[in-house]
Amino acid sequence: MPGICGESMSKSNYTVYVYVLDTLADWELGYVAAELNSGRFFKSGAPRVSLKTLGCSKEPIKTMGGMTITPDCVIGDIATDESSVLLLPGADTWSDPKHGAIIEKAGEFLASGATVCAICGATAALANAGLLDNRPHTSNGPGFLEMMCPSYKGQGFYVDEPSAADDNLITAGCTGALPWAKRIIGRLGVFQTDALEYWYDYFNTGKPEHFFALMQSLPQRG
């Protein structure tokens with residue numbers, strides 16, 4: 001029986017599973033988790049998004065910044081369909097064999113049309129499993145995946161940009177958290193297109209005109 005994380009969602013709504021593991025790089029999830037959870041800039045009629053933390057067990061983890069997170073659910077609980085999204089953050093502990101189960105699940109997500117979003121060290125975990133060998137992706141710069149994953153064969157598909165997307169796979173390097181978040185938000189269709197551009201430009205530049213344009217683009221709330 002599915003647990004709390006296996007509840008069915010209509011195709012117009014999403015469940016976003018955030019995999020948490022020791023030494024998780026806090027900053028890499030900040031933009032995307034805050035916006036998807038708060039919905040503060042969502043368009044009228046946007047799909048509902050349910051954000052759930054996911055672990056290889058229910059044991060609490062400690063992030064790189066010293067934050068303690070207790071997972072909402074475990075891998076066996078999650079639903080795999082096109083309304084499911086898996087966020088895989090960077091961490092220094094991806095080489096631990098216990099995380100092999102979530103990488104196997106990531107392969108199932110990709111095959112089923114569900115969305116997988118990996119950043120920094122999580123891209124190495126995908127590469128090590130051969131999941132980046134035949135589709136466009138990026139990571140922490142040219143040569144990083146070869147260094148971390150001797151069996152990596154995806155050099156011909158590497159995109160030397162902060163973030164890259166190939167249909168239901170969205171990847172980024174450790175400094176690409178903002179463009180990674182933009183691609184994820186855009187794929188879910190929860191912002192108006194102009195609002196997403198203003199949001200990105202504001203956080204990318206800090207210029208106030210982008211903030212005011214963002215505020216003016218939002219739906220009036222009664």
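Quick note: the coordinates plus some simple rules give every number you see, no bench work behind them. Because the structure is a prediction, the values reported are computed rather than measured. Positions of Cβ are generated from backbone atoms using ideal geometry, with glycine treated the same way; all protein chains shown enter the neighbour counts.
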Considering Gly39, Gly76, Gly66, Gly45, which residue is touching a residue at least 24 places away in the same chain (Cβ under 8 Å), over 18 Å from Ile102 (Cα atoms) and surrounded by fewer than 20 Cβ atoms within 10 Å (Cβ to Cβ)?
-> Gly39
Of Glu104, Glu59, the only residue that is farther than 26 Å from Leu178 by Cα and assigned to a loop (DSSP other than H, G, I, E, B) is Glu59
Extreme residue, surrounded by the most Cβ atoms within 10 Å (Cβ to Cβ), among residues of the stretch 117-134 that are more than 14 Å from the chain's Cα centre (by Cα) and over 16 Å from Pro97 (Cα atoms) | Leu132
Please enumerate the residues belonging to the stretch 28-49 that are out of contact with any helix residue (DSSP H, G or I) (no Cβ under 6 Å at 6 or more places or on another chain) and under 17 Å from Ala172 (Cα atoms).
-> Leu29, Gly30, Ala33
